[in-house]
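Written below as structure tokens is the structure these notes are about.
We did not get these values from a lab; they are worked out from the coordinates using the rules stated. Bear in mind the structure is a predicted one, so any value in this text is a computation, not a measurement. All Cβ positions, glycine included, derive from the backbone under ideal geometry; neighbour counts span all protein chains shown.
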Amino acid sequence: MSKSQERPILLFDGVCNLCNGAVKFIIAQDPKGKYAFASLQSTVGEALLRRHNLPTQHIDTVVLVEDGKAYTRSSAGLRVARGLGGLWALLYVFMVVPRPIRDAVYDFIARNRYRWFGRQESCMLPSKEIADRFLD
């Protein structure tokens, strides 16, 4: 198994400015390259969604594939925060909040992300320095 298959993979909306900003933030906080990335719209992203029985059309969540399991919405975000370590890991305490409440907040942001942050015409192209972290 290659290194990219062993590390957690974060699937994100490749045309969403908020999502792209979050990916750039995670990369900056994760200099050791723990996380790999693929857009939900990519061939890799769609294959991972199918493998985990998630919809491939109109999906409004990030998906974290880690240790053979797929996590969505607030659970994905909080698991990534924990994985970043340092002070970010403290955000994992919000897992005690019932998932329906956490996910309601997540869904509100997801529904408004294009209006608040805009969208791009195409998926982000990674620079040469971080291209090995992207699977598509």
Please order Ile109, Ile9 by the number of other Cβ within 10 Å, starting at the fewest. Ile109, Ile9
Membrane-span-like helices (DSSP H runs, Cα span along own axis at least 24 Å, mean Kyte-Doolittle at least -1.0) in the chain -> 99-117
Most fluctuating of Ala70, Ala36, Ala22 in the GNM of the chain (C-alpha, under 10 Å) is Ala22
Dipole of segment 3-127 [Lys/Arg +1, Asp/Glu -1 at C-beta], most positive-end residue of Thr56, Val44, Ala104: Ala104
Below 8 Å between Cα atoms, with a sequence gap of 6+, how large is the relative contact order for the chain in percent? 34 percent
Only four residue types carry charge here, +1 at the Cβ of Lys and Arg and -1 at the Cβ of Asp and Glu. Report the dipole size of segment 15-84 about the Cα centre in Debye, rounded to the nearest 20. 160 debye
Given Cα pairs under 8 Å that are at least 6 residues apart, what percent is the relative contact order of segment 45-120? 22 percent
With +1 on the Cβ of every Lys and Arg and -1 on the Cβ of every Asp and Glu, and nothing else charged, how large is the dipole of segment 3-127 about its Cα centre, in debye rounded to the nearest 20? 180 debye
When DSSP assigns beta bridges and you keep just the ones with both residues in segment 3-127, what percent turn out antiparallel, to the nearest 5? 65 percent
With a ≥ b ≥ c taken as the square roots of the eigenvalues of the C-alpha gyration tensor of the chain, please select rounded if a/c is under 1.5 and otherwise prolate if a/b is larger than b/c or oblate if it is not? rounded
